[in-house]
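> Here's a structure for you.
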Amino acid sequence: DTRKIRDYETPYKGERKARDLFMLSYYLGGINLIDLMNYDFRDKTMMEYIRTKTRNKKKTNRTISFTIPPEAQPYIDQYMNKKTGHLDFGNKGTYETFKNIVTRDIKLIAQKAGIKDWKRCCYYTARKSFVQHGFDLGISLEILEYCIGQSMKSDRPIFNYLKIMRRHADEAIRIIINNLNGDT
């Protein structure tokens, strides 16, 4: 279904923006919309950020770091405001209004693209799809948790000895995108 969204062609600007945002989230390890919209992409080849949702909750391993995949770069180049480095989709309203419009347009795309469960599609579906695809490809849950900025559960003592690093995230993201592209 991610391929159907990626490959969906539409004459409608709003649908194109929603599709591009969806794919950008997927290519950037399932990044949440708030984190994507707050990120400064100027002169960056790496993404390094602390997830907004867990910024004040996590004590350690807060920074998510990985190389920006080449598949994401055209979207970044197209939408990045050169002065601020933030993505600019022309939204003038509140963040909530923008999120609701994107969700509506992703549902429309999913329906038109023939996705059976289109009513459940939203921006967040890119994050879920990224993780599910990674899991299906045998990528460890710990690396997937790192990529999306999810807390690794402290009740698993093995994590006292394990450090997930950028190279693990880079490898996982590349495997997932290659599979989406049909490369093995």
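The values are calculated or read from the model by the stated rules, or taken from the named source; none is laboratory data. Computed from a predicted structure; not experimentally measured. Cβ placement follows ideal geometry from the backbone for every residue including glycine, while neighbour counts extend to all protein chains displayed. Side chains included, ligands, DNA and RNA excluded: accessible areas come from the protein's heavy atoms. Shrake-Rupley method; radii C 1.70, N 1.55, O 1.52, S 1.80 Å.
> Only one residue in Ile64, Ile76 is open to solvent by less than 10 Å² (accessible area, probe 1.4 Å), farther than 28 Å from Leu108 by Cα and not polar (S, T, N, Q), so which one is that?
Ile64
> Out of the stretch 1-55, which residues are among the polar types (S, T, N, Q) and open to solvent by 50 Å² or more (accessible area, probe 1.4 Å)?
Asn38, Thr45, Thr52
> Inspect the stretch 89-96 for any residue being in contact with a helix residue (DSSP H, G or I) (Cβ under 6 Å, 6 or more places away or on another chain) and at negative phi and give the result as yes or no.
yes
> Check whether at least one residue in the stretch 25-39 is under 27 Å from Lys119 (Cα atoms) and of a type in the set (Val, Ile, Thr), and report yes or no.
yes
Rundown of residues vs (1) at pLDDT 90 or above; (2) among the acidic types (Asp, Glu), yes/no style:
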{"residue": "Ile109", "(1), (2)": "yes, no"}
{"residue": "Ser129", "(1), (2)": "yes, no"}
{"residue": "Asp155", "(1), (2)": "no, yes"}
{"residue": "Phe159", "(1), (2)": "no, no"}
{"residue": "Leu162", "(1), (2)": "no, no"}
{"residue": "Arg167", "(1), (2)": "no, no"}
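> While we're looking at this one, here's another question. I need every pair where a residue in the stretch 75-98 that is modelled with pLDDT of 95 or more has its Cβ under 8 Å from the Cβ of a residue that is of a type in the set (Val, Ile, Thr) and assigned to a loop (DSSP other than H, G, I, E, B), sequence separation at least 6 or different chains.
Going by the 8 Å Cβ cut-off, the qualifying pairs are Ile76/Ile68.
> Limited to the stretch 79-100, what total is found for residues that are open to solvent by less than 60 Å² (accessible area, probe 1.4 Å) and part of a helix (DSSP H, G or I)?
2
> Just name the residue that is modelled with the highest pLDDT out of those in the stretch 57-74 that are over 24 Å from Asn181 (Cα atoms) and assigned to a loop (DSSP other than H, G, I, E, B).
The selected residue is Arg62.
> Continuing with this model, one more query. In the stretch 15-39, what residues are aromatic (Phe, Trp, Tyr) and touching an Asp or Glu at 6+ places or on another chain (Cβ under 8 Å)?
Tyr27
> Does at least one position in the stretch 119-139 carry a residue that is among the hydroxyl-bearing types (Ser, Thr, Tyr) and exposed (fewer than 14 other Cβ atoms within 10 Å of the Cβ)?
No, that holds for no residue.
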